[in-house]
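Everything on this sheet refers to the single structure shown next.
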Amino acid sequence: MKWILASLSVLAVAAGESTVSLRVARDATVSFNGIQCNNDTVPCSSIPRGLDNKLMSFRGNRDYERVLLGFDLPLNAPTKCVLRVPKPIDNSGDVSLTVATTDSVWEEATVNGYTKRLNGEQVGSLTATNGGELDVTDACARAVNHKLSLFVDTAGAMVTFNSLQSGSGDVFVLDYSF
């Protein structure tokens with residue numbers, strides 16, 4: 001059995017296959033709503049939330065919050081690319097998420113609902129009550145300038161995740177094989 005495993009490892013190396021786990025490089029919650037904040041003086045969707053400790057996704061009557069993720073990809077073309085969704089830190093039951101691509105023209109500290117629009121294609125959906133995985137190989141292959149940005153959306157109740165700023169190791173990760 002050890003000989004078979006060693007042989008498979010040698011074949012993988014000989015074929016040049018590698019997989020790297022890429023932590024999200026930048027993340028933010030982006031609000032898309034008509035609600036006012038700061039004592040009704042500022043539209044909530046104009047407030048940057050990329051440096052918060054938590055990421056939120058929520059879809060209500062007038063309030064839409066989406067998680068925005070940015071990954072820096074290797075120069076090699078992908079053979080497989082899998083988004084690993086961490087276990088939510090707050091949720092109210094089953095968590096159904098939809099992932100869509102978007103352009104990578106945004107900065108973590110300044111992105112908001114006025115500067116970032118929903119402008120990509122749906123990649124897929126998953127149930128992530130305890131975390132989960134979604135194949136995003138096509139999205140990785142179409143990434144521009146080796147940068148991939150994804151919106152993570154829920155169809156209902158609020159779900160929260162750790163952001164990079166939380167200091168937690170339990171954040172969004174991309175397993176990138178080439």
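List of remarks:
- Distant-in-sequence amide contacts of Lys116, defined by a placed amide H-H separation under 5 Å and a gap of 5 or more residues or a different chain, comprise nothing.
- Helix axis angle, 2-14 relative to the chain longest principal axis, alpha carbon, degrees: 70
- Entry note, the chain: the mean residue ellipticity at 222 nm calculated from DSSP H runs of n ≥ 4, each adding -39500 (n - 2.57), is -3000 deg cm²/dmol after division by the residues and rounding to the nearest 500.
- Segment 82-178, accessible area per residue, ligands and nucleic acids excluded (1.4 Å, Å²): 47
- Cut-off under 5 Å, modelled amide H: who pairs with Lys54 long-range: Ser163
The values are calculated or read from the model by the stated rules, or taken from the named source; none is laboratory data. Fair warning: this is a prediction, and the values are worked out from it, not measured in the lab. To get the accessible areas, we keep the full protein, side chains included, count just its heavy atoms, and leave off ligands, DNA and RNA. Shrake-Rupley method; radii C 1.70, N 1.55, O 1.52, S 1.80 Å.
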